[in-house]
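My structure is below; once you've seen it, I'll send some questions.
The values are calculated or read from the model by the stated rules, or taken from the named source; none is laboratory data. Since we're looking at a predicted model, the values are computed, not measured. As a convention, Cβ positions derive from the backbone with ideal geometry for all residues, glycine included, and neighbour counts pool all protein chains shown.
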Amino acid sequence: MDSVIISRSLFGSSLAFHIIFATLGVGIPFMILIVEILRKITGDEDYGVMAKRWTKGFAVLLGVAIPSGTIVGVQMNLLWPGFMELVGQTIALPFQIEIYAFFLEAIFMSIYVYAADRLSPNIRIITVFFVALGASASAVLITAANTFMNTPAGFTYENGEIIDVDPWAAFFNPSYVTSAIHVLLSALMTGAFAITSVAAYKLLKTRNKPREAIFHHKAFILSLIIGGIMSVGTAVNGHQAAQELHQYQPEKLAAAEGLFESQTNAPLVLGGFADPKTHTVKYGIEIPGMLSLLAGNSFDEYVRGLYEFPEENWPPLYTHTLFNIMVGIGTFLIFLVGFVFVVYFVRKKKGLPRWLFRLLVLVGPLSMLGIEAGWVFSCSGRQPWTVYHIQRVEDAATASANTMLLVLFLSLYLLLAIIVVIVLLAYFKRKPLANDLNNVKRKGLET
Amino acid sequence: MTNTFIATTLLWVFIYVYAILGSIDFGAGFWAMVFETRKKTKAGLLANRFLSPSWEVTNVFLVLLVISVFSFFPSAAYTLGTVLLIPGSLILIFLTLRSAFMVFSFTTESYRTTLKYISGISGLLVPALLVSVLPITSGGFIEIINGQEQLLLGKLFRSPSEYTYLAFGLSSQLFLSALFLSDYAREALEEAAYRTYRSLAIWLGPMTLAAAVLTVIFMEPEAQWLKVNIMEQRGWFSLSVAAFIIGYSALWWPAKQKTHSKGRPRIAVLGIVAQYGLATFAYASAHWPYIVYPMISIEESITNSPMLQALLISFIVGSLLLLPFFIYFWRLFMKDRSYLRQK
Ligand code: HDD
Ligand code: HEM
Ligand code: HEM
């Protein structure tokens, strides 16, 4: 394999690994904040138990999120020296500001975990607020780098020289605000749904332990509501993101939709596979005019197809599938949550049927799949560019990557993925929920 | 003051701060492992009590360092990224094993000792490898092939210079962490653990000094320029040795309270931290104006001035905003008796 391909595979895997833990690192502290607040308002100690147990799980996930993030940060320099030279001159600012977000998160996370017993309830809420703020800010800030690659701004590029740099214009590049919101909302959605998944699974298992079932049911409803709200937000804002693609990265949108001929009244093709030989989308469902409507709010909107661009600049055609996976999951989850609430309303006291709980176990993993598909789409849809229309991947990459490194890092990720699951399962097995709930009861009697 | 000067000074400060914090952090991980199975002493427990809340914050300093290099000196980032691919990747792998397994060992009871060993030993290697990046930047290990810079890994592994730097990195982290933990133990009123760490520090102090001298003696022929410059910084290095003597001797000064055993660890820590400050400053001045000798100089690789200005402003604002939080953090974990002295 040549060095460019290895660099891409290695960096892509590192990010794909980091993003799992990073996303949960944004979503879970937010959920902890909510239950801390609910506990304060309602005085219901179940929420305190939730906060405690989620924090424990989160602390373990951070043990992977932080080193894997460090890997990504350093590996960028090692694998993409050409890119970093450009980044240093143009988009270094958000990276530096992100450091403050990391500090905020790290400081308050330690305080929340190791000094909780010395804090008053109000200070605890403030502490966990800063944890959630730091984590969300790090996601929002790093997105500036990614959107800069998609829609570079804030400098002039002349004869290979970068001049007239405006760091803030680079930071707030055209696709930044929309994407940052998208990343944040989708992470909050995924964190909430991850909790829904666990709660749904536990509800299936604790049929004859009513006390525990009550606890899981509270977590279930709460996370389902938050996940549902966030998923609607993600979709609305994702629509905005797609309109910006239409404006700023037309070839990416064309590849995402498998559109070859430029046209007004362009059709939307759902599903199917874009075939590189025949230049058609096979097995898809075509909705006439829909793409024009979505992209420009009118059937008359002219949408540019791939033929308008030189073929060597086409993004890979599989991005159509990636985009469909992301949007499909988003749409499915919104309908699913809506359906669940209708069923609740209709069946009243009888609650949800078991098959629905089984289906709901999937919402967390599906969300995560949406995140992965979204990122791979955003990054590979930019190909062959690392910085859109400025720097090609070959010019960004190192010349000395080798397969050995790829194998080493992949083994490391596999090892960590396996062990983190084992550690989490072992921990929660040793500290059963019943104990925590009993402790609460005892404490309640004393006071 | 020029922008270049400010950027360079800041970078030196970051390197220095991380050198100290990182050494203490990784060293403490190693001591936690060493004393893991010895239940009689509190030494391991204290190391863990220090590490659990602090390792995340320390890690951010490492990230800060890396980010500062490419944001202040983008074209140095190109060369550094290229030649450090292999050593950098090794560091990342050990760092990851260290952090992850340490967190795992805090969480599970089964296999705790194994997890501690993996994390302790990988942690030991990280500062050693980080320090051994230094000889790469001072000449003799980079070759330009077809216009592409390449690291001469074989030569590096066979070079005595690399190993003296490595030894310096190792002994520094063990010394600094033992010294720091002796102070931490005193603060926690654990006199037995204090004596353990004090005697370790007494052993390790002279070893680091010897390792430092050896690194200068064994420098590569291509790095002779650095040796010459280091000789010119004699004044600073002498001050640094003086700071060492004060700090080191404080381990024998009579304690403030009669019930305590010999030594004033707080003064010892401050003395040695000052020593490292003076020595790294002298080393950095000797290295000036090269980031990577002979191809990358500071003047040529500094970033454009709008970016630099934005970075400096954001740095000042960010530091001011964060300062109170750092102080709060320090008071909760380094000063609060109820945390330090819990049973
Ligand atoms: C749970 C995850 C999730 C879900 C359900 C969605 N997205 Fe998304 N999407 C992401 C997670 C994500 C992401 C991982 O956060 C990305 C990758 C890069 C980025 O900026 O956000 C992203 C990128 C991304 C982009 C690419 C931006 C670019 O490349 O510049 C578009 C056009 C959309 N999304 C549109 C949508 C639409 C119309 C959705 C409708 C339901 C949707 N997304 C749901
Ligand atoms: C090129 C892309 C990225 C880089 C360079 C990067 C870098 C890092 C680094 C260095 C850390 C460790 C911080 C520490 O030491 O505490 C980290 C952690 C984290 N990252 Fe990433 N990251 C990237 C992508 C992302 C994305 C896309 C998200 C958001 C969805 C994200 C969110 C987080 C979060 C929440 C953490 C966890 C803990 C913390 O805030 O300290 N990162 N990342
Ligand atoms: C965190 C989630 C992310 C994932 C899962 C992800 C995934 C990927 C994948 C799969 C590739 C390879 C593309 C291909 O080979 O076609 C890639 C390339 C790349 N991504 Fe991302 N990406 C993420 C976020 C980011 C962010 C936030 C940045 C910005 C700092 C970034 C910078 C890059 C770079 C520099 C490349 C290599 C050059 C290129 O292929 O254009 N990625 N990413």
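Go through segment A:66-101 and give me each residue that's within 12 Å of ligand 3 (Cβ to nearest atom) and without any contact (Cβ under 8 Å) to a residue 40 or more places away in the chain.
A:G73, A:N77, A:M84
Also, quick follow-up: Any idea which of B:A242, B:A223, B:A286 is at pLDDT 90 or above and outside any loop (DSSP other than H, G, I, E, B)?
B:A242
Here are A:H216, A:H246: which of them is buried (at least 17 other Cβ atoms within 10 Å of the Cβ), in contact with a Lys or Arg (Cβ under 9 Å, 6 or more places away or on another chain), more than 23 Å from A:F377 (Cα to Cα) and of a type outside the set (D, E)?
Answer to the selection: A:H216.
So is A:A106 part of a helix (DSSP H, G or I), more than 7 Å from chain B (Cβ to nearest Cβ) and not basic (K, R) or not?
No; evaluated as a whole, the condition is false for this residue.
Select from segment A:15-64 the residues that are of a type in the set (S, T, N, Q) and touching a helix residue (DSSP H, G or I) at 6+ places or on another chain (Cβ under 8 Å) and list them in ascending order.
A:T23, A:T55
If you take the residues in segment A:225-256 that are in contact with a Pro (Cβ under 7 Å, 6 or more places away or on another chain) and within 16 Å of ligand 3 (Cβ to nearest atom), which one is nearest to the other protein chains (Cβ to nearest Cβ)?
Result: A:K252.
Got a sec? Which of A:I371, A:I390 is within 16 Å of ligand 3 (Cβ to nearest atom) and either within 11 Å of another protein chain (Cβ to nearest Cβ) or at pLDDT below 90 (or both)?
None of the others qualify; the one that does is A:I390.
Collect the residues in segment A:358-401 that are within 16 Å of ligand 2 (Cβ to nearest atom) and on the phi > 0 side of the Ramachandran plot, keeping them in residue-number order.
Residues satisfying the conditions do not exist here.
Let me ask another. Of everything in segment B:81-96, what is facing chain A (nearest Cβ under 7 Å), over 15 Å from A:T70 (Cβ atoms) and of a type outside the set (G, A, S)? Give them in sequence order.
Residues satisfying the conditions are B:T82, B:L85.
Out of all the residues in segment A:166-175, is one or more away from chain B (no Cβ under 14 Å), assigned to a helix (DSSP H, G or I) and within 15 Å of ligand 2 (Cβ to nearest atom)?
No, segment A:166-175 has no match at all.
Something else about it: Could you give every pair whose Cβ atoms fall below 8 Å, whose first residue belongs to segment B:306-331 and is at the interface with another protein chain (Cβ under 7 Å from one of its Cβ atoms), and whose second residue is among the polar types (S, T, N, Q) and not in a helix (DSSP H, G or I), counting only separations of at least 6 or pairs across chains?
From residues that are at the interface with another protein chain (Cβ under 7 Å from one of its Cβ atoms), the pairs are B:L311/B:T303.
Spot the failing condition for A:F155; the list is (1) of a type in the set (F, W, Y); (2) at pLDDT 90 or above; (3) more than 13 Å from ligand 3 (Cβ to nearest atom), and only one is missed.
With (1) of a type in the set (F, W, Y); (2) at pLDDT 90 or above; (3) more than 13 Å from ligand 3 (Cβ to nearest atom) applied to A:F155, the lone miss is (2).
In addition: Taking only segment A:63-89 into account, find how many residues are within 22 Å of B:P306 (Cα to Cα) and either more than 8 Å from every other protein chain (Cβ to nearest Cβ) or at pLDDT 90 or above (or both).
The total comes to 1.
Tell me, which residue of segment B:53-87 that is closer than 17 Å to B:L156 by Cβ and away from ligand 3 (no atom under 16 Å from the Cβ) is nearest to the chain's Cα centre (by Cα)?
Here the answer is B:P87.
So B:S99 fits all but one of (1) surrounded by 18 or more Cβ atoms within 10 Å (Cβ to Cβ); (2) more than 10 Å from chain A (Cβ to nearest Cβ); what number is the exception?
(2)
From A:V128, A:V140, A:V177, which residue is out of contact with any strand residue (DSSP E or B) (no Cβ under 7 Å at 6 or more places or on another chain), within 15 Å of ligand 3 (Cβ to nearest atom), of a type in the set (A, V, I, L, M) and at pLDDT 90 or above?
Step by step, each of A:V128, A:V140, A:V177 is checked, and only A:V140 is out of contact with any strand residue (DSSP E or B) (no Cβ under 7 Å at 6 or more places or on another chain), within 15 Å of ligand 3 (Cβ to nearest atom), of a type in the set (A, V, I, L, M) and at pLDDT 90 or above.
Moving on. Residues that are crowded, with 20+ Cβ neighbours inside 10 Å and more than 9 Å from ligand 1 (Cβ to nearest atom): which helices (runs of 4 or more DSSP H) entirely in segment A:292-390 hold 3 or more of them?
Per the criteria, A:319-347.
Return the only residue of A:M189, A:M149 being part of a helix (DSSP H, G or I), touching a strand residue (DSSP E or B) at 6+ places or on another chain (Cβ under 7 Å), of a type outside the set (D, E, K, R) and crowded, with 20+ Cβ neighbours inside 10 Å.
A:M149
What are the residue pairs meeting all of these: first residue in segment A:1-24, first residue within 12 Å of another protein chain (Cβ to nearest Cβ), second residue hydroxyl-bearing (S, T, Y) and more than 13 Å from ligand 2 (Cβ to nearest atom), Cβ atoms under 7 Å, and 6 or more apart or on different chains?
From segment A:1-24, the pairs are A:S3/A:T398; A:S3/A:S400; A:I6/A:T403; A:S7/A:T398; A:F17/A:Y413.
Would you mind finding the one in B:I230, B:I217 that is farther than 30 Å from B:R195 by Cβ and surrounded by fewer than 16 Cβ atoms within 10 Å (Cβ to Cβ)?
B:I217
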